[in-house]
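Below is one structure, written out as structure tokens; the observations come after it.
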Amino acid sequence: MTAPSGSWLHWNWEDMCGPGGLTLWSVKGHDVGICFQELCLQVPVFMLIGTISAYYCGKQTQWIVRSRKQLQVLGLRALATLLMAVAAAARICTAIALSPGSLQPVDYFLAVVEGVTWFVHLGFILALRHHSGTSLRGPFSLCVLWTLSFALSAISLRSHILLYHGVPLPDLSKFVYISYGFSIVELVLQCLYMVTLFPSERSWNVGAYEGFDPHLHNSESQSLLGSPRLGTYSRFREERDPLYLGTAMEDAPFCSKLLFHWVTPLMEKGAKKKLGNSDDLYDLPLNLTPAYLCSQLEMALVLSSVSTKHSPHSVATDAAVDVNGAPHREVEIPDVTWRGVKSRKPASLLRALHTCFGIQFYSIGVLKLLSDIAGFMGPLLLNKLVTFIETKSESLHEGYLYAAGLFAVTLIAALCNAHFNFLMQEVGLKIRGALVTTVYRKTLTVSSIELSKFSLGEIVNFMSTDTDRIVNSCPSFHSFWSIPFQIGVSFYLLHTQVGLAFLAGAIFTIILIPINKCIASKIGELSTKLMLQKDGRVKVMAEILRGIRVIKFHVWEDHFVEKIGKLRELELKYLRGRKYLDALCVYFWATTPVLISIFTFVTYVLLGNKLTAATVFTSIALLNMLIGPLNAFPWVLNGLTEAWVSLKRIQRLLELCDMDLDDYYTALPDDKSELAIYVKNGFFSYGSTEKESQASETYAQDEENQDVETPTKFMLRNISITVKKGQFIGVMGNVGTGKSSLLSALLAELDKESGVIALSDLDKGFGFVAQQPWLQRGTIRENILFGKSFEHNRYKSVIEACCLADDFGMLPDGDMTGVGEGGVTLSGGQKARVSLARAVYQDKNIYFLDDIMSAVDVNVARNIFEKCINGLLHSKTRILCTHHIQYLLSADHILVMENGIITQQGKPMSVLSDYDEYLLPSEFDIGDSSHSHKDNEKLIRSDCDTESVSGDSILEEEEREEGNVQLNVYLSYLRAIGYLLSGAILLSMLLMQSSRNLTDWWLSYWVTHDSSQSHNNTNSSLFIFEVVTDSSDGNDISYYLTVYALFAGLNSVFTLFRAFLFAYGGIHAATKVHKRLLKTIIKATVTFFDVSPLGRILNRFSSDTYTIDDSLPFIMNILLAQFFGLLGTVIITIYGLPWLVLILAPLIPVYHWLQNLYRLTSRELKRLSSVTLSPVYSHFNETLLGLPTIRSFRAAPRFRRKNEENVEANQKCQYASQAAGQWLSLRLQFIGVAMVTGIGFISMLQHQFNVADPGLIGLAISYALAVTGLLSGVVNAFTETEKEMIAVERACQYIDQVEPEKNREIIAPPFAWPSQGVITFTSVVLKYREHLAPSLKGVSFSTRPAEKIGVVGRTGAGKSSLFMALFRLTEISGGEILIDTVNIAHIGLRSLRSRVAIIPQEPFLFCGTVRENIDPLDEYRDSELAGALQRCHLTTAINRLGGLGSQVEHGGHNLSVGQRQLLCLVRAVLHNAKILCIDEATANVDTETDRHIQHTLRTSFQKSTVITIAHRIRTVMDSDRVLVMRDGEVLEFDCPDTLLQNRDSHFYKLAHQEFY
């Protein structure tokens, strides 16, 4: 078929191509013309290859040093290229020699172009050995062009094969044979070339390449002492780092923004693995920074809270808040929303968000509308094109216009869709940044009492789950109006195609809507219950991790594993229900298109109409567009509902009253300037009085017939204090009398019911040391400085006054040693002293010290009292709460508290007259008296030495895997599902997709076969159905309908199997992974918990477990569906239009390059997002735990800034991730645009030459219109699956790498062991970690039966390490420990720990009843529990709380520290073990309670061996023998009286040095 002469520039093509001229398509040979291939396809491609090769060959780049293997690969490629160049010349020479008359000008032209191209390309390959970048494959453009040349070689070989089997003229046979032979040679050489492209630079450690610039080393300006890579002068970072990205979209031209080209540097940087932290990403524009967003939202909240009832003056006064949230007076704590909340209506968060982001949010909807309209134009133009091909009545140029229109509308839809998604995500980021920072600021300004209305988990959820729901609802809002619009237009267009037959599909659709809504509602209910169960499980898990030592001491692991197991089973119950309902949704989603098509087309045919290709495939395209909105609508409604609930939840937090210091405190009058503190008739409570009375009445009714005391809220009553500046005030009283509450009241942490309270220096804040020290994750120095600048002399004096110098000497990195969350790795005494040093370094005028002496030994306490409280702070106002009466002798004034009332106050001599019996002369030191005179300068690291922190620092970042998710992670997940189940799932997916594609193909065959018998043979290679179709009658409608229904039914069955198999597999995997993870963590060594922050471990059981439960199966299901869908689409499209391969050939490497670049970058961005998100939550948790300290130091603004920095780092990762996603999405949509355009124009060419099949073209275009979504869906789903697989990777990391405790049992312990309780240490050496110094150094001693041993020594002497070794919480490195002659290393851990009792240093209580806390295994009767409480003097306190069934709050916060310690004593009394270990258990109780406890211990454990680590000398003097330790060694071990009689003994010197 020769082209018309007028259409090819009047050229005589026979002169160029020979007989027949330039033939585009040979009807006789069913092939593209040879001349057309050579002149119009091969020559342009070779010219482009030659041009680009020449460009890169001459381009100068840095020198690359390649490995030997890489040079060998390039050598092989150069050989293949040289042979191809020689082959081109040999081909023409051979033809001239053997068949000279058969050559045409086009043959000479092609030979010259091909030969020159390959010789030029050879030069490029030689240059690639040391230039042109590190990639072995060369520039991407050359790879695409080579792929095209490879495809053309294959096509040329096929054409020559056809010629070879049907040579028309004998005189041409030699030439055909020559061309046939050389075509085979060329394809073989092309394959050889292809083999050299498989290895990439990643195959041989790209990091080994060294960029080398010879000119740089010869430069005269090179610095003599500097790096040869840097110039003489230092530069700004932007100049030093060529990969610095700058601010996102700054100065980017319009086209760059339109096509997301500005994101390309980020993608390239990610592919080079240069994304190490958030600083490597784009900086955020100003309008996306959290500080700016928060200020905008706060101002909007202030405006939304203004009531019309207020006068303008009051409004102006109330709204006088800085935009950044700080009030104009520094005396007040930084505000979040407003002052004087009671005089103002509640601020509406919804209205405030609307004010801040409304205009941008609503205007983005225009893009959504344009995208929807362009989407509907696709099916309409498809209809026009297929009708044009079917009817052949319109002019040719109209058909090309329809094809061009398809290109235009798909391009517009792609651009609008990408920018709508990106701008929507940007608004979501703004809302997220504003909400997170606002919630954080609000927590800083609300009193602890107000904040206690919410649990810790709820407040964290405000920042995480609730904020995410609100952000996710942003696109749902636009879907809310877009979906009805899409449904309405789709139905209208369907009506224009099939008339009233569309009602059949519409009715089925309408029936599905309530079904989907019902399923979605049920899923919503199950999700709510699931989240509640998850919260409960995570809460218990957090308690287990916090108290893991106590759990291991008491052998409660199995109990708590069982408790977690029950909670997990309830969680899985709801998860199963939800997943099976999800499977039902998936079933409807997958089968609905097929079912609607059946109902619509069957009705259409039964109404007497005839199906045409245009009608069928336009309808299919419209139905495909309809399914997504119909299935999405219930989820959109659910999302909006959840967002509304979350909005109201955050609203409740914002409605809490702020701490109004102007209202709480009264200003001191000018004539009272000498006063520091003044309180008159103050009543302070832990909550609203109204609520208390209601609770009391309710409880009184419930407990009417019981003899239990009515529980009442504790309250400070009638408090009156006057303190002058510089005075030292002591506060004393029994456990639970209100000493700590008094300090809280002075710090405005309680509610003031009535009275007057005034403090000086409100602006400056106060020094506050809590009874339970609060430390941040960081170094010790950072904790002490607490944001202040480092002043060496002041810092040195503070650590000496707080007795920290010797501790710094023992710690591996001095004051630069890392401190974990909550001060883990430091002893109780060290934490207390670091907390004190922090307060002292702040240099405040008023100090509140809450029982700081309890956690340290007497010698250290005395030094702190003399050097710090009466030394450095002698000129400050000090209020000290303590049980140690001796420290109050020098006080200016003493307050005695009892049941919330000050019963006595006055001078020490008048108040302490009744307490003389407590001041025994035996209160001497049991610590280390030898003062260290070593130069403390060495213990304080200089500022410049802060980087040399030990490699074992507790502060090391969470381990982050790099590169691809390893194959063994996928395999471990498959193992968790089960290999058989995995195979069944894949098979069901394959069958489902095959049946779906066969259904559509049958429809295509039906309309083609039914419309014209002439096309029956078009698909002569129609696999197994050829025989059936040939034998059937073309007019047999029932036959077509039967086969159509059969395929559809099979598709429905396979889809159902696939949905439920996948749901079952996901649940099975989730159950298995969680069980293994829980078992691993519970059995882990204590060292693991020392070096791993609680939040990091908890993450595995919360977010990672949730991902494995829910997100991972969901996204993996989508991935497999999208992948098989794409595979089916490509196969069907190529089957319908084989020439589409010419378009797909260059698009496949482009697609591979895009997805590879995106995966490499997005994976790193996901990991960065995870790493930067942890500090946001951990800092928030730290802040919530330390709110009183932060506020008292007036450090709230600094913490606010720190939170903004953390949020900004995470926002940068989120922003980069979103930009990368849209960069990929747009480019994939461009591939879809290319496919649609290619199909349109190829179909026009086929139509022009009368070889077009309307049915197959309609099928191909309807599939191609959906291919864009499938292309991006596969990449996004695969990337998301990789991201979600990181959760499995993290879980497996713990499962495989966490070392379990050594629980081997060589022998079983004897019956009734231990019967004597004799403990023998023989040369015991204990190291907590391999490279650390030993904590016990060859300790040897032996006890006698039922002996009472006292252990004394300074902090860090190794006292607590004795218990760690005895309980085998840490395995000893040398020596042995015997109990009644049995080596404890030879018996099981359970056998050992269950026979030894301990009262730990830090009391551990978990949420639950009092009964559950003291007897979690339910081993004792109520009478026994009551007796134990009575012996431990806790009966009154527990009755006041509500009895044994009363609830213990999180961490035991509704009990004082002393009462918590007494509950731990109750556990020991109940256990009544033969060996009891007491680790400073009475440190937090008053002297009288301590005396009672000692009596209880003496009476209850008469026949037991008791080892006591204590600070009070009275306890040690009552012991049978005293063990004196220092630096992990035993100095002395003898009776106290014997040691005191020996004047040379260490104990004697300690004792007599500290006598009063």
Can you work out which of the residues in segment 1393-1418 that are farther than 30 Å from Ala832 by Cβ and touching a residue at least 40 places away in the same chain (Cβ under 8 Å) is farthest from the chain's Cα centre (by Cα)? Arg1395
Single residue of Tyr492, Tyr440 found to be aromatic (Phe, Trp, Tyr) and open to solvent by 20 Å² or more (accessible area, probe 1.4 Å): Tyr492
Without any contact (Cβ under 8 Å) to a residue 12 or more places away in the chain and either more than 16 Å from Arg1290 (Cα to Cα) or surrounded by fewer than 19 Cβ atoms within 10 Å (Cβ to Cβ) (or both): does that describe Gly1066? no
Determine which single condition Asp1033 fails, assuming it passes every other condition in (1) modelled with pLDDT under 75; (2) in a helix (DSSP H, G or I). (2)
Inside segment 1306-1323, the number of residues satisfying the requirement of being within 16 Å of Glu1376 (Cα to Cα) and either open to solvent by 30 Å² or more (accessible area, probe 1.4 Å) or of a type in the set (Asp, Glu) (or both) is 6
Meets criteria (touching a Gly at 6+ places or on another chain (Cβ under 6 Å) and buried (at least 19 other Cβ atoms within 10 Å of the Cβ)) for Leu575: no
Report, by residue number, each residue of segment 618-641 that is at pLDDT below 80 and within 18 Å of Phe462 (Cα to Cα). Gly639
For the list (1) closer than 30 Å to Gln533 by Cβ; (2) without any contact (Cβ under 8 Å) to a residue 60 or more places away in the chain; (3) open to solvent by 20 Å² or more (accessible area, probe 1.4 Å), I need the number of the one condition that Gly428 fails. (3)
For segment 766-856, which fully contained helices (runs of 4 or more DSSP H) count at least 3 residues that are within 35 Å of the chain's Cα centre (by Cα) and modelled with pLDDT of 85 or more? 780-785, 828-841
Quickly run through segment 427-482 and pick out the residues that are within 24 Å of Phe633 (Cβ to Cβ) and either among the aromatic types (Phe, Trp, Tyr) or touching a His at 6+ places or on another chain (Cβ under 8 Å) (or both). Phe477, Phe480, Trp481
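Within segment 610-619, can you find the residues that are assigned to a helix (DSSP H, G or I) and either open to solvent by less than 10 Å² (accessible area, probe 1.4 Å) or of a type in the set (Asp, Glu) (or both)?
Ala613, Ala614, Val616, Phe617, Thr618, Ser619
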Is there any pair linking a residue in segment 72-100 that is in contact (Cβ under 8 Å) with a residue 40 or more places away in the chain to one that is among the β-branched types (Val, Ile, Thr) and surrounded by fewer than 18 Cβ atoms within 10 Å (Cβ to Cβ), with Cβ under 8 Å and at least six apart or on different chains, and which? Leu76/Val195; Ala87/Val185
So is Arg158 outside any loop (DSSP other than H, G, I, E, B), at pLDDT below 75 and open to solvent by 60 Å² or more (accessible area, probe 1.4 Å) or not? no
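Let's see how each residue does on (1) modelled with pLDDT under 80; (2) closer than 24 Å to Thr437 by Cβ; (3) open to solvent by less than 60 Å² (accessible area, probe 1.4 Å); (4) in a helix (DSSP H, G or I):
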position	(1), (2), (3), (4)
Gly457	yes, yes, yes, yes
Val460	yes, yes, yes, yes
Met463	yes, yes, yes, yes
His478	no, no, yes, yes
Trp481	no, no, no, yes
Phe485	no, no, no, yes
Ala504	no, no, yes, yes
Could you identify the single residue in Leu1463, Leu1425 that is of a type outside the set (Gly, Ala, Ser), surrounded by fewer than 22 Cβ atoms within 10 Å (Cβ to Cβ), modelled with pLDDT of 80 or more and not in a strand (DSSP E or B)? Leu1425
Does segment 723-739 contain at least one residue that is under 22 Å from Val446 (Cβ atoms), at pLDDT 85 or above and either out of contact with any strand residue (DSSP E or B) (no Cβ under 8 Å at 6 or more places or on another chain) or open to solvent by less than 40 Å² (accessible area, probe 1.4 Å) (or both)? no
Does Arg1163 satisfy the condition of being over 22 Å from Ile985 (Cβ atoms), in a helix (DSSP H, G or I) and open to solvent by 20 Å² or more (accessible area, probe 1.4 Å)? no
Could you run through segment 560-599 and say how many residues are modelled with pLDDT of 85 or more, farther than 15 Å from Thr1055 by Cβ and not charged (D, E, K, R)? 11
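Among the residues of segment 624-657, count how many are outside any helix (DSSP H, G or I), open to solvent by 20 Å² or more (accessible area, probe 1.4 Å) and either touching a helix residue (DSSP H, G or I) at 6+ places or on another chain (Cβ under 6 Å) or among the small types (Gly, Ala, Ser) (or both).
Residues flagged as outside any helix (DSSP H, G or I), open to solvent by 20 Å² or more (accessible area, probe 1.4 Å) and either touching a helix residue (DSSP H, G or I) at 6+ places or on another chain (Cβ under 6 Å) or among the small types (Gly, Ala, Ser) (or both) within segment 624-657 amount to 1.
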Give Asp851, Asp843 a once-over and let me know the one that is within 28 Å of Ala1196 (Cα to Cα), surrounded by fewer than 19 Cβ atoms within 10 Å (Cβ to Cβ) and out of contact with any helix residue (DSSP H, G or I) (no Cβ under 7 Å at 6 or more places or on another chain). Asp843
Within segment 740-758, can you find the residues that are open to solvent by 10 Å² or more (accessible area, probe 1.4 Å) and in a strand (DSSP E or B)? Asp751, Lys752, Glu753, Ser754, Gly755, Val756
Taking interchain pairs and intrachain pairs at least six residues apart, which have beta carbon atoms under 6 angstrom, with the first residue in segment 1028-1052 and under 15 Å from Met992 (Cα atoms) and β-branched (Val, Ile, Thr) and the second in a helix (DSSP H, G or I) and modelled with pLDDT under 60? none
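So that you can scan it fast, the table gives a plain yes or no per residue for (1) open to solvent by less than 20 Å² (accessible area, probe 1.4 Å); (2) under 30 Å from Asp31 (Cα atoms); (3) modelled with pLDDT of 85 or more; (4) assigned to a helix (DSSP H, G or I):
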site: Ile1108; (1), (2), (3), (4): yes, no, yes, yes
site: Pro1113; (1), (2), (3), (4): yes, no, yes, yes
site: Pro1146; (1), (2), (3), (4): no, yes, no, yes
site: Trp1153; (1), (2), (3), (4): no, no, no, yes
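The values are calculated or read from the model by the stated rules, or taken from the named source; none is laboratory data. No experiment lies behind these values; they were computed from the predicted model shown. Cβ: placed from backbone, ideal geometry, glycine included. Neighbour counts: every protein chain shown. Surface areas here come from the heavy atoms of the whole protein model, side chains and all, with no ligands, DNA or RNA. Shrake-Rupley method; radii C 1.70, N 1.55, O 1.52, S 1.80 Å.
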